[in-house]
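Okay, so here's the structure we're looking at.
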Amino acid sequence: MKLNLKRPLAFFDLEATGINVGADRIVEIAILKAMPDGTEIVKTWRVNPEMPIPLQTSLIHGIYDEDIANAPTFKVLAAEIAEFIGESDLAGYNSNKFDIPMLLEEFLRADVDFDMAERKFVDVQNIFHQMEQRTLKAAYKFYCQEDLVNAHAAEADVIATYKVLLGQLEMYKETEFESKQGVKSIPVVNDVDALHVFTNINKPVDFAGRLVYNDQDEVCFNFGKHKGKTTQQVFAVEPSYYAWMKNGDFPLYTKKKLDEEWAKFNVKKNENRAPKPQNNPPAPRPQFKKPQPKPDKPAEPINTDMLEQLKMKFGK
């Protein structure tokens, strides 16, 4: 079966020093770029994580410190990887929770602005978990009727993921699915937009799952004491929560999306403020005229009555 694509779909898989998106680093990345014309391009990069790989992690993916000692760092490879992905939509196995946030974190550390705004992302694991609930190895056996060889090698895993999606499209092309809300549909179809909707169960904002969209497409916190509340509600009553997250051990991309929500909150707050009264010039004070002195009357000639009054006043 050939994927029905409007633009390239980049399947990718990461191997890392661990599973902490904020603290661990990529050691290998493989990308299978499925083109609209049916062709496929596969590239793999080994990466020096600039930190030791824990032994228990090396035992899982088979990559040890000496294997990547002379490999370039992600900062050196970042522009090349971003260029190879180009405008592709993204796909992977458990990619929404791990591979995408880890990749975004590395791009931000390398100062590469990898725009996610217009991309679709298909998490093959979410199709599998909702329809069958198995692991990648079991999924490969179930959908492809083959045993997965070299599991946990990035290139083997990414090729297996690609083949599993093709098998899922074939198996579920007429299968009805009923959601937890009782809505029935046939969601697994050969269309990336539809697969994007079906596999993004929690509608993530930051891909690390700290911020998600609710049913009204409002950004909400998805952890801690404010889980389920919108960012706007929390910032209004506890603005210090923003500073706590900015200073906390959260992924850089989570903080980037948090900054966007904080900026929206402040714009809205400023718009709702009552306009300040205009500084009108003070009203002119009333002008009071000084009383004009009355003109002096001409002196009257002294007469007998006046002399009598003075005599009575002074007793003379």
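What net charge do the residues around residue 159 carry, taking every other residue with its C-beta under 11 Å from that of residue 159, with Lys and Arg at +1 and Asp and Glu at -1?
Here the charged neighbours net out to -3.
Among DSSP beta bridges whose residues both lie in the chain, state the antiparallel percentage, nearest 5. Walk me through the intermediate numbers first.
Values: 22 of 29 bridges.
Percentage antiparallel, nearest 5: 75.
Could you work out [θ]222 nm for the chain from helices alone, using -39500 (n - 2.57) per DSSP H run of at least four and dividing by all its residues? Round to the nearest 500 deg cm²/dmol.
So the helix-based figure for the chain works out to -11500 deg cm²/dmol.
Less than 11 Å Cβ to Cβ from residue 78, Lys/Arg counted +1 and Asp/Glu -1: what total charge do the surrounding residues give? Walk me through the numbers on the way to the answer.
On the way: positive: 75, 109; negative: 80, 83, 106, 111, 113.
Neighbourhood net charge equals -3.
How long is the gain from residue 203 to residue 69 if the chain were fully straight, where each residue apart is worth 0.36 nm and the alpha carbon distance is subtracted?
Full-extension gain reported as 44.4 nm.
Quick one: if you stick a label point 7 Å off each Cα along the C-beta vector at residue 240 and residue 130, how many nm between them?
Roughly 4.1 nm, to one decimal.
Helix 304-314 sits at what angle to the longest principal axis of the chain, using alpha carbons and giving 0 to 90 degrees rounded to 10?
The two axes meet at around 70 degrees.
Label points 7 Å out from Cα along the Cβ direction at residue 272 and residue 180: separation in nm?
3.0
Given a Förster distance of 41 Å, report the FRET efficiency between residue 147 and residue 264 from their Cβ-Cβ distance, rounded to the nearest 0.05.
Numbers: r = 50 Å, r/R0 = 1.22.
About 0.25, to the nearest 0.05.
If I build a Gaussian network model for the chain, linking alpha-carbon pairs within less than 10 angstrom, which residue out of 76, 237, 47 has the largest mean-square fluctuation?
It is 237.
Rounded to whole Å, give me the distance from the Cα center of the range 161-177 to that of the range 60-115.
When both Cα centres are located, 27 Å separates them.
Taking the structure as given and computing percent of Cα pairs over 31 Å apart, which label from (i) 35; (ii) 64; (iii) 47 fits?
(iii)
If R0 is 22 Å, what FRET efficiency do you get for residue 114 and residue 59 from their C-beta distance, rounded to 0.05?
Once rounded, the FRET efficiency stands at 0.10.
Across the range 23-28, in residue order, what do the Karplus-derived ³J(HN,Hα) couplings come to in whole Hz, using 6.51 cos²θ - 1.76 cosθ + 1.60 with θ = phi - 60° and x for Gly and Pro?
10, 7, 10, 6, 10, 7
Counting Lys +1, Arg +1, Asp -1, Glu -1, what net charge surrounds residue 146 among other residues with beta carbon under 11 Å of its beta carbon?
Surrounding charge for residue 146 is +2.
Using θ = phi - 60° and the Karplus curve 6.51 cos²θ - 1.76 cosθ + 1.60, what whole-Hz ³J(HN,Hα) does each residue of the range 111-118 get, with Gly and Pro shown as x?
6, 10, 7, 8, 6, 9, 4, 9
We did not get these values from a lab; they are worked out from the coordinates using the rules stated. The shown structure was predicted, so the numbers you read here are calculated from the model rather than taken from an experiment. Because the Cβ atoms are built from the backbone with ideal geometry, glycine has one as well, and the counts that use them run over all protein chains shown.
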